1. Here are some conditions: (1) under 21 Å from the mean Cα position of the chain (by Cα); (2) of a type outside the set (A, V, I, L, M); (3) at pLDDT 95 or above; (4) not in a helix (DSSP H, G or I). Lys552 meets all but one. Which one does it not meet?
2. What number of residues within segment 452-502 are assigned to a helix (DSSP H, G or I) and over 30 Å from Gln114 (Cβ atoms)?
3. Check segment 506-515 and report whether any residue there is within 22 Å of Pro678 (Cα to Cα), open to solvent by less than 10 Å² (accessible area, probe 1.4 Å), under 30 Å from the mean Cα position of the chain (by Cα) and not hydrophobic (A, V, I, L, M, F, W, C).
4. Can you work out which of the residues in segment 694-717 that are aromatic (Phe, Trp, Tyr) and either buried (at least 16 other Cβ atoms within 10 Å of the Cβ) or on the phi > 0 side of the Ramachandran plot (or both) is farthest from the chain's Cα centre (by Cα)?
5. Does segment 434-451 include one or more residues that are crowded, with 16+ Cβ neighbours inside 10 Å, in contact with a strand residue (DSSP E or B) (Cβ under 7 Å, 6 or more places away or on another chain) and of a type in the set (A, V, I, L, M, F, W, C)?
6. Would you check if Ala283 is modelled with pLDDT under 95 and not charged (D, E, K, R)?
7. Out of (1) touching a Phe, Trp or Tyr at 6+ places or on another chain (Cβ under 8 Å); (2) under 14 Å from Ser604 (Cβ atoms); (3) among the polar types (S, T, N, Q), the odd one out for Thr543 is which?
8. Return the residues of segment 29-56 that are at pLDDT 75 or above, under 15 Å from Phe125 (Cβ atoms) and open to solvent by 60 Å² or more (accessible area, probe 1.4 Å); say none if nothing qualifies.
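The values are calculated or read from the model by the stated rules, or taken from the named source; none is laboratory data. These numbers come from a predicted model, not from an experiment. Here the Cβ positions follow ideal geometry from the backbone for every residue, glycine too, while neighbour counts run over all protein chains shown. Surface accessibility is based on the protein's heavy atoms, side chains included, excluding ligands, DNA and RNA. Shrake-Rupley method; radii C 1.70, N 1.55, O 1.52, S 1.80 Å.
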Amino acid sequence: MPGSNSAAAEKVKPAASPAADKPAEIAGNISYHAQYSPHFSPLAFGPEEAFYATAESVRDHLIEEKDAALGNGGLGRLASCFLDSMATLNLPAWGYGLRYRYGLFKQVITKEGQEEMAEDWLDKFSPWEIPRHDVVFPVRFFGHVEILPDGSRKWVGGEVLKALAYDVPIPGYKTKNAISLRLWEAKATAEDFNLFQFNDGQYESSAQLHARAEQICAVLYPGDATEEGKLLRLKQQFFLCSASLQDMIARFKERKADRVSGKWSEFPSKVAVQLNDTHPTLAIPELMRLLMDEEGLGWDEAWDITYRTVSYTNHTVLPEALEKWSQIVMRKLLPRHMEIIEEIDKRFREMVISKHKEMEGKIDSMKVLDGSNPQKPVVRMANLCVVSSHSVNGVAELHSNILKQELFADYVSIWPNKFQNKTNGITPRRWLKFCNPELSEIITKWLKTDQWTSDLDLLTGLRKFADDEKLHAEWAAAKLACKKRLAKHVLDATGVTIDPNSLFDIQIKRIHEYKRQLLNILGAVYRYKKLKEMSAEEKQKVTPRTVMIGGKAFATYTNAKRIVKLVNDVGAVVNNDPEVNKCLKVVFIPNYNVSVAEVLIPGSELSQHISTAGMEASGTSNMKFSLNGCVIIGTLDGANVEIREEVGEDNFFLFGAKADQVAGLRKDRENGLFKPDPRFEEAKQLIRSGAFGSYNYEPLLDSLEGNSGFGRGDYFLVGYDFPGYIDAQDRVDAAYKDKKKWIKMSILNTAGSGKFSSDRTIAQYAKEIWDIKPSPVA
């Protein structure tokens, strides 16, 4: 009751004690925040108020008054894992992002399928962030370029917004270091509010710039089917790049004032900027603009600094990550940057002709500006990144080889030493120690140390116990506890009851055709059909299985949303069919996020990572599942290749075409040489029969038909890989019946996961790209 909580709180004397380490002092600091931090009335002290007061108290321990050192490393594909490792390794690195008010979206599942609602994480406030009202930078859009009397150029006019910093402290593990994730919020000033128009009743007109500012940080990945949507995305990208670079330069200049030499040539030795995919590419022309137009440097010096400062991580070969922006839109929104990009492109082409004559015939595909379609000339952002960065890396060995041998092969001929690999990783602190305490305790017990949390290679020590019956018993008990916790989540979230004694088979990731959730659900449909054909005696021999699929489909990605709908429709039939539902359940897990993953991953036994070979750059959920003793069924794609090498081929269920076969198989399909497996046809026909409802799945199934054409021809090879997938699932069923064998496979997956620590990944970035060393707080 609130009254009793208030009475309990009153017994603790409020006292500000940010460095408290004794229980009474900690309680006093919490009480202090409950009464004096300006979020709630001090008279109210229920569970919600207690949470925020405690968060404020914890936050006190994470804030330092001064930066540990100067530097900036890129946010990785999993920014939180990389930031955790940066802090734990005592590296002088920060992350930058936008403070999205509504995030991507909250996924709600209805009879119609997926519906999107705005996230509400900032409806009140986030107790973990610290507004920095003194860290504000101007960001300009539109306008024009003026040529000054001395020949220099200046970007003027247009609209100017303010970028306000919010810092989220990121504590290191067993270290005093805390770094920051700095998030930018777009603001307009009081001067931009037209009081005359407001008093005249023109309410919307009076605050137009304020409304446009709110749009920038409203939603992650706003729909870009319209010109307005494309313009907003480009605004978001530039807003992040400009604010972050101005912040870096301001901090460099503060420290430069303290040094005798203080030359701009020192900038790349103090600042490293990692571009993650092409979304922050505009950092390149913006850094050039700031150095030339604001700091007075010449082109050659600015280019040398930019080139030595910037590195580029490519995270995928998919077209949407290799952005191409309209030159017309770019010139309208960022006229000075378009000039700079044109000069970069011109100088690159001249360099190729003068120094690499043999590559002259390749210039059209390598140049930054593509005018092959005069009606729609574009800026190739990936090309701009490669040309302007001193280092380019992929995120798994297979992916990096594809970059060097295919996507960026021509650039490798010019800069053979520019390209390298940095296999992704995950933090074991969150993805094992925190989310799976039962298994963590067992690992610590058998290794006789908890040092594996910061030295994950120590997990190899489990291999010598892989056949130990006592470890098997403890391991199985821990997994069952996690499965029961997962079953409760499924019941609470979906209303579906699942059996913890069945095989928990999970695929959770963004819904996309190349990730092939469609292959998964077609396999489940085929399994359901076979179960319906079995006698009661035959069903007794079946390995019971619960198939769980979760993930968000982008709001305008129609086929992905059809897949979500299909999974839910299949589940509605299968789960309510008394003839089979003791042998098979199919569940769609709604609103997949980190908190959900922290429940699903520890409780998983089989995880599906089944993308078309060559299309998943790395994947990191595969690493999380394997670390938690989950066996993977998958293709030789992304980090699957390295996971299989580390855990052992016998502890990974492999199927599917290899990356170097895919192009040939697509060509065979175009030539009418593909012959579908009868089991594949059976699964599709059962869906077409209306067995799972009256929804029209023909447009989705059509993507698997025909030999060519837009949206047809089975581009992602679902049909080709289907028979191998079904055969691999049969091997899974057989292996799961042998409990001793399965638990050993589980143990060896965990034991082989040491390579996939983000500590290893970040240490490689620090040494081989950023050239930074640890800077621990004393």
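1. Every listed condition holds for Lys552 apart from (3).
2. Qualifying residue count, segment 452-502: 25.
3. No: zero hits.
4. Tyr695
5. Within segment 434-451, none of the residues are crowded, with 16+ Cβ neighbours inside 10 Å, in contact with a strand residue (DSSP E or B) (Cβ under 7 Å, 6 or more places away or on another chain) and of a type in the set (A, V, I, L, M, F, W, C).
6. no
7. (2)
8. Phe51
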